[in-house]
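Okay, so here's the structure we're looking at.
Values in this text are rule-based calculations from the coordinates and carry no lab data. Since the structure is predicted, the reported quantities are computational estimates derived from the model, not experimental observations. Using ideal geometry, Cβ is built from the backbone for each residue, glycine included, and neighbour counts are taken over all protein chains shown.
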Amino acid sequence: MAGSRRTRPRGAPLADVHLSEPSNAERREARRRVAAYHEAELAALVDRLRDGLRRYDAGELDVLEFDELVHRYKKATQELWKFCVGGGSHVLRAARTLDFWEAEGDRPDWWESANRRRRRR
């Protein structure tokens, strides 16, 4: 946790471990980062849907294929929403996860994630 430190004296039982609370500034920054990520990823998913509508209008997709695309969009946005939306410690955890993904150079593809989940059924 950014800004958190162990306050347990050496040899004290683990039950006595306390993590310092993140500051209001840290919480605000976490909310800002997660909201910006959510907005950017949502815009990318909308672009996928927009492309599907263009392909439907051009006759490249039939109505059933477009309907499947809409369902996939909905599932992808639900998964993204579950990651991004929440209060308190959830936002801090999401921000730390974003930091980890950035450090690893690996971010989820929400579109593909929704596709994999639908195929399991």
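What to note about this one:
- Seen from Glu102, the other residues with C-beta closer than 12 Å to its C-beta sum to a net charge of 0, counting Lys and Arg as +1 and Asp and Glu as -1.
- Summed side-chain charge close to Val34 - residues other than Val34 whose Cβ falls under 15 Å, Lys, Arg +1, Asp, Glu -1: +2
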